[in-house]
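Student: The structure is given below, and queries will be raised subsequently.
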Amino acid sequence: MGEPGTKEPLSLEELEASTNMRTGRKHVLSILVENKSGVLTRIAGLFARRGFNIDTLTVGPTDDDQVSRVTLTVDGALHPIDQVTKQLHKLINVLKIRDLEPADTVARELALFKVSADGTQRGELMQIAEIFRGKVVDVTKRAVIVEVTGTTDKIAAFEDMVRPFGLIEMMRTGEIAISRGRSET
Amino acid sequence: MRAVDAVMECLKAEGVEVVFGLPGGANLPTYDAFVNGGLRHILVRHEAGGGHAAEGYAKATGKVGVAFATSGPGATNLITPICDAMMDSVPVVFITGQVRTELLGTDGFQEADTIGITMPVVKHSFMIQRPQEIPRAIHEAFHIARSGRPGPVLVDIPQDLSRAEIDYEPVTDLRLPGYQPRVEGNQKQIRQAAKALAAAQRPVIYAGGGVVNAEASDELVEFATSDRFPVTCTLMGLGAFPAPHAQWLGMLGMHGTRAANYAMDEADLICAVGARFDDRITGKLSEFAPRAKFIHIDVDPAEISKNVPAHIPIVGDAKHVLAKLLIEYRAIAAEPERLAAWWTRIEGWREKYPLAFQDSSDNEIKPQYMVQALHEATGGEAIVTSDVGQHQMWAAQYYDFPKPRRWINSGGLGTMGFGLPAAMGAAVACPDRIVCCIAGDGSVQMNAQELATCAQEQIPIKVFIMNNGYLGMVRQWQELFWDGKYSHVETGEFPDFVKLAEAYGATGMRFEDKTTLVQDMKRAIETPGPVLVDVRVTREENTYPMIPAGQAAREMVG
């Protein structure tokens, strides 16, 4: 008996409940899954029936063709993240889940904006795009398509800037994320 | 060989002796394989009956039950047993036929998206896409069904693939990299739990179906009696701790004993083993066990802190963890006298609020007495199944279960019509035991067709219908919580259960006199083959005590 750090005798008052709390921030879950039919349905169905909302979802191949990666963002203010990840782990085809720490993670999203811009506005719009390191990928007489990559915040900021020009439509991929440093995500 | 012949070989390799099922177009190849397959197949009259029978078989033995059905309606008829097995963690493998691959997605005859429909209610499922995958899928299905937290696994096999020729070699390895249940329990956490239990002044052990599933009843008894820990069990855990026993408080929850519920309410430490803090246990969550810290032992990590945050979480199965906990606890040499005041309090509740009912002054059979009479007639040694409702709660309250796997019922899903086919499965599994079903007159009709199966196969189940001519539990709620306005709960005198039994080729009896009831029940039990008994009981009896839904344990009534 008695190991470092354990107080003795233990009084029940010292016990603290494991956290089942809402963290209050966005979580990016990076999930490796077996590349089998129906896996995405299992994940989506799990979220639906447990009442968890998915904010963004991306799915893509990895360097191993047996394995795919699902990157999910979930609002930790609404859902207990440990319950979300534990339920996900119960899916037989889920291999690994990482709840990425924001500080140790590079997260990116790709967005395409179709903005109405005639000749007089085009220059200003292109300047804004340049500031955001966006690329103009298509220009017609009355519209411009801009491609922007970055964090969710940056894309939201760009959206705010171009909205006054007349945003015709916008498409976002949802985030993908990778951990910093040498270790695998 | 044909893939379906390989299925037979796989089932035998898994130790399967008997399966329940019903053939149809999409699983004709499978049924051809049964002809010389070397397995006992029991032809049920409805797929739901087969599914529940497989559950009854699994619950009586701990082995994996197996049910077969064809595509479309055959598979959809299995949904209730699948969901039931999921809620109550019952290991069952369901094997369904599917339309030919060329018809998939075309709304073909008897096509249903079985994998899609069942996805929310299976532990896992396999959609067969190539015939050579079939043997591995069958073995992986069995492994997943029985290991970790047990549950239902479905294998859906298109008809053309099932009849294809494959090179069958026995499968000796499983490839489930994403599935590694943890059963051992973290030693440091277990030590913490032992210390907390030694420090507790008002501890309670709250044991659930996980103890039964892990075959951990002996470990539970040994641990609980290593000190004077009070023990209560959930509906699913009954029998895991022997009743009666000096440390047994009775069942807890909505219709549990006051001693058990008040002990939970005043406890300073609750050790939950293989139980999941269901709403029927906790009542109003914010007022559940307000003074307690929680040790939570469960093989499914997602159950821990799901409803009630745990102070000492331990992921592992009850058998491993309780064995280790006993060793750690003995090493501490806790002071048993510290529990004296707690026991005085508990004994006070036990004396003041024993389980009791007002017996009739004439020959009328009170439903509670009917359960006591069955206990006497069977020496307390029967396997008892039940349907869902008042009769289920009275059976749980008044039939003291001395051992695990003697009490088989539908807890989580609350499936009416479960009891009769489950008894059939249990009787097939345990031919040397008396198997009784305590049924409701409403519930029993939901799978009464399986009496034909029992008659044909001479499966000697004894079904005692607690007949009050009502959907009794709903009537009780309407009486208590809906101003006594009865809405569509009266079933009257229909059907004539004696004639129904006879029509199915079973023996029918009717008992109405409490003075001869024990003898009459013995006579029914000694009658060969299936027997259906219409026991006429008090019509408007209520199940008490009761924690009204959404209220706290202190608010128990009745």
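The values are calculated or read from the model by the stated rules, or taken from the named source; none is laboratory data. Note that this is a predicted model, so its numbers are computed, not measured. Cβ placement follows ideal geometry from the backbone for every residue including glycine, while neighbour counts extend to all protein chains displayed. Surface areas here come from the heavy atoms of the whole protein model, side chains and all, with no ligands, DNA or RNA. Shrake-Rupley method; radii C 1.70, N 1.55, O 1.52, S 1.80 Å.
Student: Scan B:Val308, B:Val299 and give me the residue that is under 19 Å from A:Lys86 (Cβ atoms), in contact with an Asp or Glu (Cβ under 6 Å, 6 or more places away or on another chain) and within 14 Å of chain A (Cβ to nearest Cβ).
Tutor: Within the list B:Val308, B:Val299, the selection yields B:Val299.
Student: Just a yes or no: is a residue in the range A:148-160 surrounded by fewer than 19 Cβ atoms within 10 Å (Cβ to Cβ) and of a type in the set (A, V, I, L, M)?
Tutor: Yes, some residue in the range A:148-160 is surrounded by fewer than 19 Cβ atoms within 10 Å (Cβ to Cβ) and of a type in the set (A, V, I, L, M).
Student: Still on this structure, I have one more. Output the strands (runs of 3 or more DSSP E) that fall wholly within the range A:61-171 and possess 3 or more residues being more than 17 Å from the chain's Cα centre (by Cα), or say none.
Tutor: By residue number, A:105-116, A:135-139, A:143-150.
Student: Can you name the condition, by its number, that B:Ala275 falls short on among (1) open to solvent by 10 Å² or more (accessible area, probe 1.4 Å); (2) outside any strand (DSSP E or B); (3) touching an Asp or Glu at 6+ places or on another chain (Cβ under 9 Å)?
Tutor: (1)
Student: Filter the range B:38-95 for residues that are in a loop (DSSP other than H, G, I, E, B) and under 21 Å from the mean Cα position of the chain (by Cα) and give the result. Walk me through it before giving the result.
Tutor: Filtering the range B:38-95 for residues in a loop (DSSP other than H, G, I, E, B) gives B:38-39, B:44-46, B:62-64, B:70-72, B:77-78, B:88-91.
Correct list: B:Val44, B:His46, B:Gly62, B:Lys63, B:Val64, B:Asn77, B:Leu78, B:Asp88, B:Ser89, B:Val90, B:Pro91.
Student: May I ask you to say which residue of B:Glu337, B:Glu376 is within 27 Å of the chain's Cα centre (by Cα), surrounded by fewer than 19 Cβ atoms within 10 Å (Cβ to Cβ) and assigned to a helix (DSSP H, G or I)?
Tutor: None of the others qualify; the one that does is B:Glu376.
Student: Give the residue that is nearest to the other protein chains (Cβ to nearest Cβ), with candidates limited to residues of the range A:58-96 that are under 10 Å from A:Ile31 (Cβ atoms) and open to solvent by 20 Å² or more (accessible area, probe 1.4 Å).
Tutor: A:Leu95
Student: Now a separate question. Taking the condition at positive phi and assigned to a loop (DSSP other than H, G, I, E, B), does B:Glu169 pass?
Tutor: Numbers: at positive phi: no; assigned to a loop (DSSP other than H, G, I, E, B): yes.
Judged against the criteria, B:Glu169 is not a match.
Student: Another one. Might you check whether a residue that is out of contact with any strand residue (DSSP E or B) (no Cβ under 8 Å at 6 or more places or on another chain), of a type outside the set (D, E, K, R), within 14 Å of chain A (Cβ to nearest Cβ) and open to solvent by 20 Å² or more (accessible area, probe 1.4 Å) occurs anywhere in the range B:100-112?
Tutor: From the range B:100-112, those out of contact with any strand residue (DSSP E or B) (no Cβ under 8 Å at 6 or more places or on another chain) are B:102-103, B:105-110, B:112; that's our starting set.
Applying the additional criterion that residues be of a type outside the set (D, E, K, R) yields B:103, B:105-106, B:108-110, B:112.
Checking which are within 14 Å of chain A (Cβ to nearest Cβ) leaves us with B:105.
Retained after the next criterion (residues that are open to solvent by 20 Å² or more (accessible area, probe 1.4 Å)): B:105.
Yes, the conditions are met somewhere in the range B:100-112.
Student: If I go through the range B:440-499 residue by residue, how many of them are in contact (Cβ under 8 Å) with a residue 40 or more places away in the chain, among the hydroxyl-bearing types (Ser, Thr, Tyr) and open to solvent by 10 Å² or more (accessible area, probe 1.4 Å)?
Tutor: Total meeting the criteria: 2.
Student: Moving on to the next point. So, A:Phe113, is that one aromatic (Phe, Trp, Tyr), open to solvent by 20 Å² or more (accessible area, probe 1.4 Å), outside the structural domain of A:Gly45 (by TED's automatic domain parsing) and modelled with pLDDT of 95 or more or not?
Tutor: It is false that A:Phe113 is aromatic (Phe, Trp, Tyr), open to solvent by 20 Å² or more (accessible area, probe 1.4 Å), outside the structural domain of A:Gly45 (by TED's automatic domain parsing) and modelled with pLDDT of 95 or more.
Student: Pairs under 8 Å by beta carbon, first residue touching a residue at least 12 places away in the same chain (Cβ under 8 Å) in the range B:106-119, partner assigned to a loop (DSSP other than H, G, I, E, B) and among the polar types (S, T, N, Q), six or more apart or different chains?
Tutor: B:Gln110/B:Thr70; B:Gln110/B:Ser71; B:Glu111/B:Ser71; B:Ala112/B:Ser71; B:Thr114/B:Ser71
Student: A follow-up question, please. Looking at the range B:201-228, which of its residues are more than 17 Å from B:His320 (Cβ to Cβ) and either touching a Cys at 6+ places or on another chain (Cβ under 8 Å) or modelled with pLDDT under 95 (or both)?
Tutor: Result: B:Pro203, B:Val204, B:Tyr206.
Student: Working only within the range B:197-221, note down all residues that are closer than 22 Å to B:Ala396 by Cβ and within 14 Å of another protein chain (Cβ to nearest Cβ).
Tutor: B:Val204
Student: Could I ask something else about it? So, in the range B:169-180, exactly how many residues are more than 10 Å from chain A (Cβ to nearest Cβ), open to solvent by less than 70 Å² (accessible area, probe 1.4 Å) and either closer than 28 Å to B:Met87 by Cβ or touching a residue at least 40 places away in the same chain (Cβ under 8 Å) (or both)?
Tutor: Count: 1.
Student: Look at B:Asp279 and say whether it is within 30 Å of B:Val537 (Cβ to Cβ) and assigned by TED's automatic domain parsing to the domain that holds B:Ile205.
Tutor: For B:Asp279, the condition - within 30 Å of B:Val537 (Cβ to Cβ) and assigned by TED's automatic domain parsing to the domain that holds B:Ile205 - is met.
Student: Same structure, new question: Could you list, in sequence order, the residues of the range B:278-299 that are open to solvent by 30 Å² or more (accessible area, probe 1.4 Å) and either within 15 Å of B:Val231 (Cα to Cα) or of a type in the set (Asp, Glu) (or both)?
Tutor: Correct list: B:Asp278, B:Asp279, B:Glu287.
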